[in-house]
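Engineer: Take a look at the following structure, please.
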Amino acid sequence: MAGGVLAGLGWVLSGRAETITALYLAYAVAGIGAGVVYGTAVGSALKWFPDRRGLAAGLTAAGFGAGSALTVQPIADMISNPTQGYQAAFIRWGIIQGIVVVVAALFLKSPPAGWLPKTWRSKGSEEVKARQTTVPFTSGR
């Protein structure tokens with residue numbers, strides 16, 4: 001949710017920026033928000049699909065790319081509209097983007113404790129089921 005707020009806020013601030021410094025700062029806020037959203041989405045996908053990590057990360061990245069591709073034309077149309085311009089486009093899309101991400105975040109959840117994919121529960125030893133790394137570590141939680 002915080003990432004959605006930051007990403008949307010960054011877009012809105014970029015639409016209101018009156019100096020290049022303000023624009024750069026607004027882009028920094030939006031970039032931090034987008035990074036938080038992307039990292040959270042990939043992390044959640046990897047938790048749900050530990051047996052298909054590459055596919056989960058790839059589909060998540062594809063979803064982000066598809067979302068960007070689908071908004072190019074509406075944003076370009078707003079920018080080229082003489083009664084609206086880029087400021088209105090940035091502000092409106094910042095609000096839309098922020099709302100969409102915050103609402104989507106309400107549906108994200110981690111798998112239950114001890115959850116494993118069906119294929120991991122039905123075959124293989126506990127050693128195979130554990131993630132294989134050269135150095136064991138935890139995320140700090």
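Engineer: Would you tell me the accessible area of Ile32, worked out with a 1.4 angstrom probe on the heavy atoms of the protein chains, in Å² to the nearest 10?
Structural biologist: Looks like 100 Å² after rounding.
Engineer: Now a separate question. Per DSSP H run of at least 4 residues, take -39500 (n - 2.57); add these up for the chain, divide by its residues and hand me the 222 nm value, nearest 500 deg cm²/dmol.
Structural biologist: Result for the chain: -24500 deg cm²/dmol, rounded to the nearest 500.
Engineer: Then there is this: Report in % the part of the accessible area of the chain that belongs to carbon and sulfur, leaving out ligands and nucleic acids; probe 1.4 Å.
Structural biologist: Numbers: 6560 of 9770 Å².
Carbon and sulfur atoms account for 67 percent of the accessible area of the chain.
Engineer: Still on this structure, please answer the following. Rolling a 1.4 angstrom probe over the protein heavy atoms, how many square angstrom per residue are accessible across the range 1-108?
Structural biologist: Numbers: 6530 Å² over 108 residues.
Per residue, the range 1-108 has an accessible area of 60 Å².
The values are calculated or read from the model by the stated rules, or taken from the named source; none is laboratory data. Just so you know, these numbers come straight off a predicted model, no measurement behind them. All accessible areas refer to the heavy atoms of the entire protein, side chains included, with ligands and DNA or RNA removed. Shrake-Rupley method; radii C 1.70, N 1.55, O 1.52, S 1.80 Å.
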